Structure formats: structure tokens, C-alpha cells
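**Q** Sharing a structure, written as C-alpha cells. Questions coming.
The values are calculated or read from the model by the stated rules, or taken from the named source; none is laboratory data. Worth saying up front: this structure is predicted, and the values here are computed from it rather than measured. Please note: Cβ atoms are built from the backbone with ideal geometry, for glycine as well, and neighbour counts cover all protein chains shown. Accessible surface is based on the protein model in full, side chains and every heavy atom, while ligands, DNA and RNA are left aside. Shrake-Rupley method; radii C 1.70, N 1.55, O 1.52, S 1.80 Å.
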Amino acid sequence: MPAAIIDGTRVAQAILDQTRKEAANFHTISGRKPCLATVLVGDDPASHTYVRMKANRCRSTGLESRSHHVPTARTTGGVIDLVASLSADDTVDGILVQHPMPPHIDERAVFEAIAPTKDVDGVTMASFAAMSLDAPGFHSCTPAGIMHLLDAYDVDPTGMHAVVIGRSPILGKPVGMLLLARDATVTYCHSRTTNLPQTVASADIVIAAVGRPELVKGHWIKPQAVVIDAGYNPGNIGDVEYTAAADRARLITPVPGGVGPTTIAVLLQQTVQAAQKHWQPVEASPTQV
């Protein structure tokens, strides 16, 4: 029997519906909307599209979106100064630095200029530490979205063997930490892994996050495994050979419509959570006697 399809759009809508309610409540009690500031360096067309999409989703969910477009010629120091100013701005609740950035920009240095309390995209070392130690903090959005998908389809990672293909600091590494915190046994694979087919064949959960079209072949998949394809390549192609994998898996995400929608939903959810943590009600002045 072919795999059941994990509907990321449906899961994301449930997150957004709850986020919209919480944003409206925050607006009522504070007098302002939760605010997400985005920083885009350069003129990459895909990045501009992503930022516009996120801004539109902010507006439809009741959040304020402030976009900052930085010229390609700006130095790392200039971008850091902008991010630091947003970190110090009490009217900004969350900061999203769109990546990848131009090669002359030190991306990690820019990320680290984001105040941890405003790192709603979960890209700082502080956020990674919080995920690794199962401590309070914001999660990287795509890994958090993946966990929402597993929960929505009643996939309990406890005791399962999860194979993560990819080791990026904002996807592969943190999703492994989140799975480990849920008592999965986690194996990381990457470009230098030997015997990748055999490792994948032992997995109860496969997380493909390497950015190589159809790297994971369908016949590698263990029967009744859960397949989460976090890859997105030109032509709407994921990192998993979808049709062949779907013939063996129990659950599988499509590309598009799987992981992607939940990523944006978590970003907005965490922005509202940041606003709730930042807001301090103004205390009434004591009555003069």
C-alpha cells in the first residue's frame, strides 16, 4: 500500500490559526501588533520572493512586518550594526536574517548579532544550545516544523532510529537534537558517510536535508518508515526519490507542500511568543494622598 501523504499545508494552517488568535489577543492587551523585522542582503531573486511571502503571511496572521533591504556592497560590520540596532529596538519582537547571504558577508557573525530573545528563526549559537540541552529558547524553524508534522501524524520518535541526512547548523544538526530530546536514536549522515544506502535502510524515520535532488533512492527506504523530505531543488524536486519511496514508506512528505509551509508557520508562532515574553504592562501610578 502506498504511503499516506503528510499534509504540511494543513498542519501549518492549524499553527497559523492559533497564532492569529494569540496575535489578536496581544494586540488587544498591548496596543500594538507583534513585529517581525527581516533583513535581506543583496539581490538574490529567490530570497526576495521568500521575504515577500513571509511579509504577506505576517499581515494575514495579524503581525507587523518590517523589511530592511541591504545593498550587496554593504560590509559584514554594516549588516551587524543594523541587526544590533534591531536587537535593541523595543518595538521589534523577532528578527529574521534571510540566508544565504553574499559570500563576502560573515553569515555566522551576523547571526550572532541577533539577541537570543529575538532569534525567532533559531539561528544563533544560543538557540542551538537550547535545543541541544532541551532548555527554554527558540527552535530552528524547519526542524521545529518537522516535529510538528511528526506530532500531527502521531509519530512518536521514542525508541525509533532516526537517520538525518545533512548537517547544516540550522536544519540537519538541530533536527537531530530535537529528535534526541524526544528519545530517538539519531544517526547523522553527510557527504563523507560511507554505506549511506545501508544506513538509510535501517531507519524508522528518515530526514533528508542535504540539498541534492533525489539523492535518497526509493529502494533504500525501510518498509513502513516515515520519510520527511526537507530538500527543495529546482523543478519542485526534493532530496528523496518520491514515487519509489512512497511505495515503501508508511508516511511521506511531498515537495512542495510538506515541510515548507510549517517552517513559515513556526516563524510567526515564535514571533508572537517573543512578543508575549517582551511585553511588560504599564503599572498604574499610585494614588496620590
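**Q** Just how much of residue 160 is accessible, in Å², when a 1.4 Å probe is used and the result is rounded to the nearest 10?
**A** Taking all protein chains as shown, residue 160 has close to 40 Å².
**Q** For the chain, what is the relative contact order in percent, using Cα pairs closer than 8 Å and at least 6 residues apart in sequence?
**A** Contact order relative to length: 22 percent.
**Q** Something else: Name the residues whose placed amide hydrogens come within less than 5 Å of the amide hydrogen of residue 222, ignoring near sequence neighbours (fewer than 5 apart) on the same chain.
**A** Here 203 satisfy the definition.
**Q** Next question, about the same structure. Kindly express, to the nearest 10 degrees and within the range 0 to 90, the angle between helix 76-87's C-alpha long axis and the longest C-alpha principal axis of the chain.
**A** In the chain, helix 76-87 runs at an angle near 70 degrees to the longest axis.
**Q** Related question: Where a Cα-Cα gap under 25 Å defines reach, which lysines qualify for residue 54, not counting those fewer than 8 residues away within the same chain?
**A** Qualifying lysines at Cα under 25 Å: 21, 33, 118, 173, 277.
**Q** Rounded, prolate or oblate: pick one for the range 1-97, where a ≥ b ≥ c are the square roots of the eigenvalues of its C-alpha gyration tensor, a/c under 1.5 means rounded, and failing that, prolate if a/b is larger than b/c, else oblate. Mind showing how you got there, number by number?
**A** Details: a/c = 2.87, a/b = 1.29, b/c = 2.23.
Oblate.
**Q** Now, a different point. Run the quick spin-label model on residue 280 and residue 133: label points 7 Å from Cα toward the beta carbon, then report their separation in nm to one decimal.
**A** 2.4 nm
**Q** How many angstrom lie between the C-alpha centres of the range 37-58 and the range 84-105?
**A** 12 Å
**Q** When ligands, DNA and RNA are left out and all protein chains stay put, how many square angstrom of accessible area per residue does the range 22-150 have with a 1.4 Å probe?
**A** That works out to 43 Å² per residue.
**Q** Leaving out ligands, DNA and RNA, what percent of the accessible area of the chain is carbon and sulfur, probe 1.4 Å?
**A** Carbon-and-sulfur percentage of accessible area, whole number: 56.
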